[in-house]
Amino acid sequence: MSTLQQIPRNALVWIIISLFALVAPHASRLPIWILALYAVAVIWRLQVHRGRWSFPGRWVKVVMILSGFVGIYASYGSFVGLEPTVALLLIAFALKLLELSHRKDAYVLLFLGYFICLTQFLFSQDLLVTLYALVSVTVVTTALVAIHRPGEHQFKLGTLHVASVMLLQALPLMIVLFFLFPRFGPLWTVPIKNHTAKTGMSDFMKPGDVASLSQSADVAFRVKFDGEIPVKSALYWRGLVLSRIEQGVWSALSFYDLPANQLRPQEVIIGGEPIRYNVIMEPTQQRWLYGLKYARSDTRTVMQASDFRLFSPTLIETEFMYTVDSWTDVPVEETLSDWRRTTETQLPPTGNAKTRKLSLELREEAGSNAAFVDLVLDRFRVEPYVYTLRPGLLPEEDSIDAFLFQSQRGFCEHYASAFVFMMRAAGVPARVVAGYQGGEINPVNKTVIVHQFDAHAWAEVWLASRGWVRVDPTAAISPLRIEFGLEEAMASEGSFLSAMLLSPARYRSIPLLNLLRLRYDALTYRWQTWVVGFDSERQFNLLRSFFGETTAKAFAILLLGSWALVLLPVAISLFRAPDIEPVRPLAKHYRIFCKRLARLDLIRGAGETPSQFAQRVAEEFPDYAEQLWQITDLYNQLAYADAQRSAGNAAQNLQHFARVINRFRPKRRSAVLMTRAER
């Protein structure tokens with residue numbers, strides 16, 4: 001094999017570093033055996049490099065490939081999906097290292113590495129993920145540069161410097177492409193089989209579901225209001241309307257459950273100025289969106305369901321930004337259809353007999369539906385009910401009876417479920433609403449951060465002439481939860497984020513940590529707004545604001561012209577005559593010596609030897625002759641001495657040469673001549 005086709009040791013080290021850099025962001029979602037495969041591949045390849053092992057044979061590689069497919073199917077249950085697809089790609093990346101012998105193999109491996117770097121964004125487009133991706137690209141580029149340096153057999157960080165300069169040269173073009181390159185839709189999609197990345201509310205609710213979400217500090221969405229931020233107690237973010245109860249589980253109606261005349265929402269008469277705000281949702285792999293009461297959006301991909309909740313026709317697989325107008329005081333669905341009334345009063349035919357009996361008694365005592373609502377809330381206030389994240393288990397049979405009359409301990413979903421059951425048992429239309437309540441106001445950029453621990457469930461009751469009215473039984477049990485948030489409500493119990501010891505949100509009472517957390521969140525919001533949210537519509541609006549209405553021809557000229565403008569300085573710098581060889585330290589110090597002689601207006605000629613140059617300078621300026629010859633003799637000794645004989649003290653001699661040069665500081669020619677005249 002030609003030495004030019006061999007892989008230098010420096011390049012091999014950088015390839016292995018890039019191998020681990022690319023698999024690191026996927027480590028938490030990969031089976032442990034894939035990470036073990038990476039370790040085995042690296043050890044095997046290093047042993048091959050040291051001459052102790054040989055490359056794996058053909059049948060060994062076949063067995064490894066088949067084992068990889070079997071392992072993927074055993075771990076994920078399918079080859080179809082985002083996670084198994086990326087895992088297969090990572091396995092191929094590791095196995096390719098085992099046959100890395102020629103430079104062409106390294107090209108294939110590293111070009112595959114660039115593609116693997118992009119797979120990080122299939123799972124997250126967070127700012128930190130992007131910064132790490134830049135680091136990964138730099139490492140892969142460093143390995144690519146090292147391949148083209150066949151003489152480097154020691155690990156060198158200088159290769160990283162070359163790769164970083166190359167990427168910085170490409171940065172202006174990257175920025176131009178970001179703003180001007182057309183944003184096409186994806187040419188293909190990878191189906192997501194499982195929901196390992198799913199966060200937030202699901203389309204059903206049973207006791208304990210919302211409480212489990214409240215143990216997570218992950219961000220659900222961020223909100224930016226155009227005007228003043230409403231008080232926290234008014235921030236009820238509607239997400240799902242749960243109208244069906246079966247075996248103690250509340251669920252939302254699907255599109256196919258609705259009759260044809262119920263597919264569209266009833267018209268609502270609006271008045272006054274709306275509350276306008278922008279929402280940036282984290283990916284949920286679900287379709288429902290969040291907004292305040294009676295929300296309407298002018299974002300093209302946001303729709304309104306018949307129960308007045310917002311949803312997207314496609315899954316929310318990436319950060320999703322939309323604009324909402326809300327009228328929180330207008331009556332909604334003042335007239336209730338027969339189908340809707342039947343649906344919102346339906347209960348299982350049997351079960352929870354005590355609750356049914358109590359509901360009928362209280363309704364008869366109240367005299368009206370509105371008074372019945374108040375009477376039930378008063379019961380929650382007076383009776384010794386406890387708001388807790390640790391309610392204990394309830395029996396599957398007659399669970400609401402057990403909650404209301406025995407345990408009397410629950411979280412928001414327990415109270416909302418029991419309240420709606422009591423309303424329906426008395427014939428009052430009611431339903432459970434699942435979403436989030438409150439949020440943390442970031443003083444840095446005036447956004448509202450809604451975390452998973454803000455997950456909440458409440459009720460909506462239909463009252464004549466008022467339409468659907470929000471009723472929150474939790475407010476009767478724990479007003480602190482609504483006014484100040486979950487952390488204040490759970491302060492005495494100590495259960496707030498008890499399982500997340502490393503979460504920054506858990507330490508909000510420490511001013512410095514909290515300030516850093518909020519500043520980073522503000523930076524994340526800008527990143528999501530300006531970069532992740534820069535879609536084709538915003539790109540078109542930006543270009544139109546600068547250039548007016550642009551045709552396809554004008555856009556193509558603008559795109560190509562901007563590329564040429566950016567690449568021209570880079571091209572000029574590349575076409576300049578570079579140094580063919582790197583400047584050695586000895587020559588570097590001698591150049592300093594020549595620059596100082598330039599003060600005497602004496603320039604060394606192209607073919608002039610150091611001795612000839614020193615002779616010429618000494619004849620014209622004899623005052624410097626002694627220093628000139630000392631420096632020249634030292635240079636000749638270091639430059640032309642036997643390398644082996646002087647290897648032991650080469651560094652010491654070079655330092656002495658540098659000190660002698662440093663002491664040589666001639667005056668300018670005019671000053672020297674003036675001194676001569678004075679003499």
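Each value in this text was obtained by applying a stated rule to the coordinates, not by laboratory testing. Quantities reported herein were computed from a predicted structural model and do not represent experimental measurements. Every residue, glycine among them, receives a Cβ derived from its backbone with ideal geometry; neighbour counts consider all protein chains shown.
The alpha carbons of the range 42-120 occupy a box of 40, 27, 18 Å along the principal axes, longest dimension given first. Binning all Cα-Cα separations of the chain at 20 Å, short to long from zero, yields these whole-percent fractions: 14, 33, 27, 16, 7, 2, 0.
Sorted fewest first by neighbouring Cβ atoms within 10 angstrom, W33, W327, W237, W530 come out as W530, W33, W327, W237. Kirkwood radius, the range 204-495, all distinct C-alpha pairs, inverse of mean reciprocal distance: 19.5 Å.
Among V382, V249, the ranking by other beta carbons within 10 Å of each residue's beta carbon, starting with the fewest, stands as V382, V249. Note on the chain: helix-only mean residue ellipticity at 222 nm, from DSSP H runs of 4+ residues weighted -39500 (n - 2.57) and normalised by residue number, equals -15000 deg cm²/dmol.
Are there chymotrypsin sites (Phe, Trp or Tyr not before Pro) in the range 343-441 that DSSP puts in a loop and that have at most 14 other Cβ atoms within 10 Å, and which ones? Here no chymotrypsin sites (Phe, Trp or Tyr not before Pro) fit, given the DSSP loop and packing criteria. Given R0 = 25 Å, the distance between the Cβ atoms of E626 and L602 translates into a calculated FRET efficiency of 0.90.
Note on the range 399-442: Cα Rg divided by 2.2 N^0.38 Å, N the number of residues, gives 1.43. Only lysines eight or more places from K104 in sequence, or on another chain, were considered; those with a Cα closer than 25 Å are K61, K96, K156. The shape of the range 9-180 can be summarised by an equivalent ellipsoid whose semi-axes, obtained from the alpha carbon gyration tensor, come to 27, 24, 12 Å from longest to shortest.
For the chain, the antiparallel share of DSSP beta bridges with both residues in that region comes to about 95%. Here is what passes the span test in the chain: the DSSP H helices with alpha carbon length of 30 Å or more along the helix axis and a Kyte-Doolittle mean of 1.0 or above are 127-147, 158-180, 552-575.
Neighbour counts of other Cβ atoms within 10 Å put L242, L654, L131, L600 in the fewest-to-most order L131, L654, L600, L242. Kirkwood radius and radius of gyration were both taken over the C-alpha atoms of the range 361-443, and their ratio Rg/Rh is 1.02.
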